[in-house]
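Written below as structure tokens is the structure these notes are about.
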Amino acid sequence: MNVRAVFFDLFDTLVRFDRDRLPEVTIGGRAVRTTAGHLHPMMRAWTPDLTLEAFHKALQESWQEAERRRAIDHREVAAPERFAHLFRCLALDPERCPPGLLRGLLETHRRELTKAADFPAHHGPLLTDLARRYRLALVSNFDYTPTALGILEEAGVVDLFDTILVSDEVGWRKPAPAIFEEALRRVGVSAEQTLFVGDRADIDVLGAHQVGMRTAWINPDAAALPPGIPRPDVELRDLADLRSVLEM
């Protein structure tokens, strides 16, 4: 395949998110995997009467509201905005929170999410080999860039990418064209020269195809292509199959 650049999705493409690695707390008599147990003590320093149950409910509500808004037009709701909504769910004024509280919540949430990311061992050598021959970029839907950077730093591959573009920075989520176009601009390649690799046909394949990129769909279970989605240029069962596609 004649390409100059390879762009990647992050979650379920380069890394796998394992919810069983999230901290476990008991809420309402049942075990729940969530960061709430680490965030709640920080909040109680500001509002001592706040229960873990009430905080967890507000954390869920803030996520659901962010997802609702994202689904409208693919605009990102960044993590600070989502946490401000969390405060409002608790009838608290985010403008009056103690100095450093929001940053502390965001960093604690980031740290615990990073622990739940599993970077397969064979992905490191593959990316190292690719970086010798191609321009590499990461284009991810996520609400907090430091989380993506932390995952890649932990895996030891962050320096292999020419650019790392997360949707909270650009304000748009895949499949919106703007996030793909910004990544192309930063790397300095044309869409026709670029292969986009991702696991979501409705987000990665569709979005990259709409701006003229070639596409590789990570489809380990050989699922059927969803209706209305353009057929990808290649279909992979595992990221390692990219070697044969690129004839490495």
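Under the condition of being among the acidic types (Asp, Glu), more than 16 Å from the chain's Cα centre (by Cα) and over 30 Å from residue 177 (Cα atoms), the residues counted in segment 67-112 number 2.
Does segment 204-223 hold any residues that are free of Cβ contacts under 8 Å to residues at least 24 places away in the same chain, among the polar types (S, T, N, Q) and either in a strand (DSSP E or B) or closer than 12 Å to residue 191 by Cα (or both), and which are they? Within segment 204-223, 215 is the sole residue that qualifies. Of the residues screened, residue 92 is one that is hydrophobic (A, V, I, L, M, F, W, C) and surrounded by fewer than 18 Cβ atoms within 10 Å (Cβ to Cβ). Please tell me if residue 169 is surrounded by fewer than 23 Cβ atoms within 10 Å (Cβ to Cβ), at pLDDT below 95 and either outside any strand (DSSP E or B) or touching a Pro at 6+ places or on another chain (Cβ under 6 Å) (or both). No, not satisfied.
For residue 65, the conditions (1) surrounded by fewer than 20 Cβ atoms within 10 Å (Cβ to Cβ); (2) within 27 Å of residue 185 (Cα to Cα); (3) not aliphatic (A, V, I, L, M) are fulfilled apart from (2). Looking only at segment 136-166, residues that are part of a helix (DSSP H, G or I), in contact with a His (Cβ under 9 Å, 6 or more places away or on another chain) and not aliphatic (A, V, I, L, M) come to 1 in all. When residue 232 is tested against the conditions (1) outside any loop (DSSP other than H, G, I, E, B); (2) surrounded by 15 or more Cβ atoms within 10 Å (Cβ to Cβ), the lone failure is (1).
Assess whether residue 193 counts as being assigned by TED's automatic domain parsing to the domain that holds residue 12, at pLDDT 95 or above, under 23 Å from residue 241 (Cβ atoms) and not hydrophobic (A, V, I, L, M, F, W, C). So residue 193 fits the description; yes. Determine if segment 113-120 includes at least one residue that is more than 25 Å from residue 37 (Cβ to Cβ) and over 15 Å from the mean Cα position of the chain (by Cα). Within segment 113-120, one or more residues are more than 25 Å from residue 37 (Cβ to Cβ) and over 15 Å from the mean Cα position of the chain (by Cα).
The values are calculated or read from the model by the stated rules, or taken from the named source; none is laboratory data. These figures come from a predicted structure and were not determined experimentally. Positions of Cβ are generated from backbone atoms using ideal geometry, with glycine treated the same way; all protein chains shown enter the neighbour counts.
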